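Inspection log for the structure reproduced underneath, given as structure tokens.
The values are calculated or read from the model by the stated rules, or taken from the named source; none is laboratory data. A quick note: this is a predicted structure, and the numbers were derived from the prediction, not measured. Cβ: placed from backbone, ideal geometry, glycine included. Neighbour counts: every protein chain shown.
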């Protein structure tokens, strides 16, 4: 028969075990959250991983799927909503701020970048280079597909402020690099895979890249969109954007070889 004292010690051990497990769970949960606030003059609605939040000037904690990618949809005015989810890598225990960027759109920055002392008083035109240096991230991308070169699948970074470039892609991939951002820019970047019935050979450079032509506004109506993705990544690491010819889906992957 177990004595009363022994029963108390056993129960205390069970209680301590439960408290320890609960503490570890809370720590683990805390490490999977980020916080975000809005620096525009009114609250906005965002959707992260399918869940809707109303964001204002007070930080709100949101769970992240990191190191998997999070999905984000922004809604800030009637008719102004990102139609497709933006893939993001919100880092655990990090803080982010939403700001207006070019042309009535929004951008998201790590708060430490936008609250930098040198940005307290700045002029967009005069301080443009400084702003880009502090607030522009430079993730690098390689376009790939499981198709063959004979499938004539092109890829490009979609930007109508800069002169674009595009190239044929296959399993070997096109090492595109970091998107070039011109005067009007955002850290949110969009990419497309497409087919087009046009011979671009006379426009190709020595690496086979077609420069300074917008493929979706060419005179022909043969531009066929295969897949697209929008991305906001908060680092300068290397990634792969892949188009699957069997599932017709575009996916974002870590480039583990770089």
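See the values below:
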quantity	calculated
Test: residue in the stretch 71-83 that is part of a loop (DSSP other than H, G, I, E, B), at negative phi and at pLDDT 80 or above	no
Members of the stretch 226-253 that are without any contact (Cβ under 8 Å) to a residue 40 or more places away in the chain and either part of a loop (DSSP other than H, G, I, E, B) or over 17 Å from residue 167 (Cβ atoms) (or both)	247, 248, 249, 251, 253
Single unsatisfied condition, residue 172 versus (1) within 22 Å of the chain's Cα centre (by Cα); (2) part of a loop (DSSP other than H, G, I, E, B); (3) under 16 Å from residue 241 (Cα atoms)	(1)
Residues of the stretch 231-248 satisfying the condition of being more than 12 Å from the chain's Cα centre (by Cα) and surrounded by 20 or more Cβ atoms within 10 Å (Cβ to Cβ)	242, 243
Subset of the stretch 30-67 [surrounded by fewer than 12 Cβ atoms within 10 Å (Cβ to Cβ) and at positive phi]	50
Qualifying residues in the stretch 208-219 (those that are exposed (fewer than 10 other Cβ atoms within 10 Å of the Cβ) and over 12 Å from residue 156 (Cα atoms)) - the one modelled with the lowest pLDDT	219
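One line per residue, one yes/no per condition, for (1) in the same structural domain as residue 87 (by TED's automatic domain parsing); (2) surrounded by 17 or more Cβ atoms within 10 Å (Cβ to Cβ); (3) farther than 25 Å from residue 244 by Cα; (4) in contact with a strand residue (DSSP E or B) (Cβ under 6 Å, 6 or more places away or on another chain):
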site: 157; (1), (2), (3), (4): no, yes, no, yes
site: 164; (1), (2), (3), (4): no, yes, no, yes
site: 176; (1), (2), (3), (4): no, yes, no, yes
site: 179; (1), (2), (3), (4): no, yes, no, yes
site: 186; (1), (2), (3), (4): no, yes, yes, yes
site: 193; (1), (2), (3), (4): no, yes, no, yes
site: 203; (1), (2), (3), (4): no, no, yes, yes
site: 221; (1), (2), (3), (4): no, no, no, no
site: 224; (1), (2), (3), (4): no, no, no, yes
